[in-house]
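Structure first, then comments.
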Amino acid sequence: MRILALDSSGLVAGVALVDEQQTIAEYTINYKKTHSQTLLSMLDEVVKMIDLNLEEVDAIAVAAGPGSFTGLRIGSATAKGLGMALQKPLIRIPTVDGLAYNLFGTKGLICPMMDARRSQVYTGIYRFEDTFEILEPQMAVPVEELIGKLNARGEQVTFLGDGVPVYRELLLKGLTVPYRFAPLHLNRQRAAAVGALAVTYYKEGKLETAAEHQPDYLRVSQAERERAEREQKSV
Amino acid sequence: MSETKDIFILAIESSCDETAAAVVKNGREVLSNVISSQIALHTLYGGVVPEIASRKHIEKINQVIEEALDQAEVTLDDLDAIGVTYGPGLVGALLVGVAEAKAIAYAKKLPLIGVHHIEGHISANYIENKELEPPFICLVVSGGHTHLVCVKDYGTYEILGRTRDDAAGEAFDKVARAIGLGYPGGPKIDKLAKEGNPNAIPFPRAHIEGAEYDFSFSGVKSAVLNYINGCQMKGIEYHKADIAASFQKAVTDVLVGNAMRAVETYGLKKLAIAGGVASNSSLREAMKQACEERGIEFYYPSPILCTDNAAMIGAAAYYEYLNGTRSGWDLNAVPNLKLGER
């Protein structure tokens with residue numbers, strides 16, 4: 001079984017090909033160019049480098065949100081186009097789960113954080129000492145609320161993600177539990193982690209069609225939010 | 001043409017609030033033209049909300065493409081190229097079509113052709129007018145664009161004039177909102193204007209010194225708003241139909257006037273109109289009459305080809321395909337793309 005994995009949910013653009021045993025190719029770029037410019041060109045390079053026949057891929061996995069709205073749609077549209085053209089199923093991997101999956105064997109809790117703007121983070125709480133456990137599924141919350149949840153659990157926690165540098169001061173000030181930060185080769189989105197998690201999804205039959213796939217934003221649009229607020233006020 | 005192979009192009013358009021796909025044969029024969037409109041959704045907000053538009057595009061795009069292929073009775077294997085609008089437009093909306101088109105073209109090893117949205121509107125005229133060939137003058141009028149263009153050859157354009165402020169369709173939307181007609185304003189004003197007197201209120205016609213082909217519609221829009229305010233202050237009841245008719249006439253007069261000046265100056269005997277506002281009945285009638293008086297052939301697309309659609313993108317992509325235009329896998333959405341630039 002071979003899975004092509006894409007991640008363009010944050011600043012990182014990633015493409016990977018994995019099978020059940022190993023990562024065959026992984027290409028990660030954390031650079032200012034837009035995903036629209038990089039993602040398909042990266043796929044093209046991976047394909048050429050490993051003489052990949054895309055027809056032989058069994059499924060296309062994508063980091064399906066949360067993340068940058070535009071970034072998510074570039075990844076999803078790419079996956080949907082590939083899925084339609086190759087007639088292959090898609091696998092939607094929750095972005096925060098994919099991040100946490102980087103840190104196998106970590107003692108204590110794993111807490112990925114992505115900057116969600118408006119003083120919030122996309123986050124979740126995981127354990128991956130042995131099996132992968134989702135203790136709190138991905139959510140958008142204020143950092144203070146996350147700190148409260150972690151303090152209440154009273155366990156050591158390892159942080160990763162692009163939200164860490166943004167909210168580092170708040171973490172240092174608020175945490176009462178021991179903490180550490182993942183090293184630089186593991187602290188951002190990696191398409192191979194999305195692919196590895198997708199292998200387990202594939203075995204469980206958690207597939208969807210290219211047509212039905214769409215990102216999971218975890219947030220309504222600003223216009224919808226403001227409209228709801230207006231309606232609430234007028235009630 | 002009979003000896004050469006037929007060229008089938010799948011075209012995708014997602015620059016604003018329509019998710020569209022079409023299959024076009026040899027640039028002029030539309031085998032399918034599927035449009036999933038979001039108008040009802042955006043009506044709640046009085047205009048297009050970019051983030052909502054983008055979300056809707058990603059939700060619908062595969063179904064729209066599959067329907068276009070089904071209706072055309074072709075598969076992806078029958079295609080010769082993929083055309084896609086890459087600008088101008090809403091960046092988030094454009095990116096959905098661009099990413100999707102790139103992925104399909106890449107997986108099927110097909111040439112990818114990035115198309116300018118306005119070039120698409122102009123090319124809509126080729127579909128129903130098989131005899132139309134450049135050179136000709138084209139007036140492109142829509143909610144986002146007002147351009148007077150000299151089409152010198154397929155893919156070669158000279159922009160003669162453009163709006164300095166509001167697009168013509170934008171002015172229609174704003175005036176429609178002011179007199180309580182709602183969104184989208186163009187068709188609603190067109191309908192109401194039929195019951196009004198176009199000469200009832202002398203709204204201004206803007207002429208721009210030193211740029212005889214340029215347009216300005218913010219003045220006429222403000223004049224309408226001032227007129228309504230004035231009536232309200234004085235407690236006078238105003239006639240919406242007269243406002244609609246007089247406003248529409250003021251806009252139409254300028255559009256027709258500039259277009260006729262261009263046709264005469266360039267000595268061309270052909271004029272085409274394109275874009276959403278090109279389905280306005282008053283504009284069509286006035287332009288038709290002005291062309292007849294001068295012995296000029298007048299071309300205009302059916303309403304379905306005036307609105308944002310992918311068939312027009314397929315027509316434009318065909319001529320770009322023949323010109324040898326090929327886009328790379330790094331094709332990006334360009335929200336303010338200029339006509340004639342690559």
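The values are calculated or read from the model by the stated rules, or taken from the named source; none is laboratory data. Here the structure is a predicted model, which means the values were calculated and not measured. We place every Cβ from the backbone using ideal geometry, glycine too, and count neighbours over all the protein chains shown.
Beta carbons closer than 8 Å, at least 6 apart along the sequence or on distinct chains, pair a first residue in the stretch B:100-112 that is within 7 Å of another protein chain (Cβ to nearest Cβ) with a second that is acidic (D, E) for B:Y106/A:D44; B:K108/B:D77. Scanning the stretch A:184-214 for residues that are touching a Pro at 6+ places or on another chain (Cβ under 8 Å) and within 14 Å of chain B (Cβ to nearest Cβ) yields A:E208, A:T209, A:A210. Does the stretch B:218-233 contain any residue that is touching a residue at least 40 places away in the same chain (Cβ under 8 Å), in contact with an Asp or Glu (Cβ under 6 Å, 6 or more places away or on another chain) and assigned to a loop (DSSP other than H, G, I, E, B)? Scanning the stretch B:218-233, I find no residue that is touching a residue at least 40 places away in the same chain (Cβ under 8 Å), in contact with an Asp or Glu (Cβ under 6 Å, 6 or more places away or on another chain) and assigned to a loop (DSSP other than H, G, I, E, B), so the answer is no.
Do we find that B:T4 is away from chain A (no Cβ under 14 Å), farther than 19 Å from B:R326 by Cα and modelled with pLDDT under 95 in this structure? Criteria met by B:T4. Looking only at residues in the stretch B:81-99 that are farther than 17 Å from B:A21 by Cα and among the hydrophobic types (A, V, I, L, M, F, W, C), the one that is farthest from the other protein chains (Cβ to nearest Cβ) is B:L90. A:K173 satisfies every condition listed in (1) more than 14 Å from chain B (Cβ to nearest Cβ); (2) closer than 18 Å to A:P66 by Cβ; (3) charged (D, E, K, R) except (2).
A Cβ distance below 6 Å, combined with a sequence gap of six or more or placement on separate chains, defines the contacts here; from the stretch B:35-60, residues that are over 16 Å from B:D308 (Cα atoms) and not assigned by TED's automatic domain parsing to the domain that holds B:K174 reach residues that are part of a loop (DSSP other than H, G, I, E, B) and hydroxyl-bearing (S, T, Y) in the pairs B:T43/B:Y183; B:G46/B:Y183; B:E51/A:S221; B:I52/A:S221.
When you scan the stretch B:272-282, do you find a residue that is part of a loop (DSSP other than H, G, I, E, B), at pLDDT 95 or above and in the same structural domain as B:A21 (by TED's automatic domain parsing), even just one? No; the residues of the stretch B:272-282 include none that is part of a loop (DSSP other than H, G, I, E, B), at pLDDT 95 or above and in the same structural domain as B:A21 (by TED's automatic domain parsing). B:K109: basic (K, R), in a loop (DSSP other than H, G, I, E, B), more than 21 Å from B:T307 (Cα to Cα) and outside the structural domain of B:H147 (by TED's automatic domain parsing), yes or no? So B:K109 fits the description; yes.
Among the residues of the stretch B:16-37, those that are within 14 Å of another protein chain (Cβ to nearest Cβ) and either in a helix (DSSP H, G or I) or hydroxyl-bearing (S, T, Y) (or both) comprise B:T19, B:S36. Those strands (runs of 3 or more DSSP E) of the stretch A:1-94 in which 2 or more residues are buried (at least 21 other Cβ atoms within 10 Å of the Cβ) occupy A:2-7, A:13-19, A:59-63, A:90-93. Among the residues of the stretch B:43-72, those identified as surrounded by fewer than 21 Cβ atoms within 10 Å (Cβ to Cβ) and either small (G, A, S) or touching a Pro at 6+ places or on another chain (Cβ under 9 Å) (or both) are B:T43, B:G46, B:G47. The set of residues in the stretch A:18-48 that are in contact with a Phe, Trp or Tyr (Cβ under 8 Å, 6 or more places away or on another chain) and either away from every other protein chain (no Cβ under 12 Å) or of a type outside the set (D, E, K, R) (or both) comprises A:T38, A:L40, A:S41, A:M42, A:L43, A:V46.
For the stretch B:289-336, a residue qualifies if it is buried (at least 18 other Cβ atoms within 10 Å of the Cβ), away from chain A (no Cβ under 14 Å) and in a loop (DSSP other than H, G, I, E, B), and the qualifying residues are B:I296, B:Y300, B:P301, B:T307, B:D308, B:N309, B:A310, B:T325. Kindly establish whether A:A140 is of a type in the set (A, V, I, L, M), modelled with pLDDT of 95 or more, in the same structural domain as A:Y27 (by TED's automatic domain parsing) and within 24 Å of A:R73 (Cα to Cα). Considered against the rule, which asks whether it is of a type in the set (A, V, I, L, M), modelled with pLDDT of 95 or more, in the same structural domain as A:Y27 (by TED's automatic domain parsing) and within 24 Å of A:R73 (Cα to Cα), A:A140 comes out as no. Is it the case that some residue within the stretch B:191-204 is polar (S, T, N, Q) and closer than 30 Å to B:E29 by Cα? Among the residues of the stretch B:191-204, not one is polar (S, T, N, Q) and closer than 30 Å to B:E29 by Cα, which makes the answer no. Listed by position, the helices (runs of 4 or more DSSP H) enclosed by the stretch A:130-235 that each have at least 1 residues that are under 20 Å from the mean Cα position of the chain (by Cα) and buried (at least 21 other Cβ atoms within 10 Å of the Cβ) are A:143-153, A:163-174, A:191-203. Would you confirm whether or not the stretch B:114-127 contains a residue that is more than 15 Å from the chain's Cα centre (by Cα) and crowded, with 23+ Cβ neighbours inside 10 Å? Yes - at least one qualifying residue is present in the stretch B:114-127. Exactly one residue out of A:D58, A:D97 is touching a residue at least 40 places away in the same chain (Cβ under 8 Å), within 26 Å of A:A211 (Cβ to Cβ), more than 10 Å from chain B (Cβ to nearest Cβ) and over 13 Å from the mean Cα position of the chain (by Cα), and it is A:D58. Kindly check whether there is at least one residue in the stretch B:26-37 that is among the hydrophobic types (A, V, I, L, M, F, W, C) and either out of contact with any helix residue (DSSP H, G or I) (no Cβ under 9 Å at 6 or more places or on another chain) or closer than 19 Å to A:L86 by Cα (or both). Looking for residues that are among the hydrophobic types (A, V, I, L, M, F, W, C) and either out of contact with any helix residue (DSSP H, G or I) (no Cβ under 9 Å at 6 or more places or on another chain) or closer than 19 Å to A:L86 by Cα (or both), one finds none in the stretch B:26-37, hence no. Return only the number of the condition from (1) in a helix (DSSP H, G or I); (2) surrounded by fewer than 19 Cβ atoms within 10 Å (Cβ to Cβ) that B:A93 does not satisfy. (2) is the only condition that B:A93 fails.
Among the residues of the stretch B:38-58, those that are assigned to a helix (DSSP H, G or I) and either touching a Ser or Thr at 6+ places or on another chain (Cβ under 8 Å) or within 10 Å of chain A (Cβ to nearest Cβ) (or both) comprise B:H42, B:P50, B:E51, B:I52, B:A53, B:S54, B:R55, B:K56, B:H57, B:I58.
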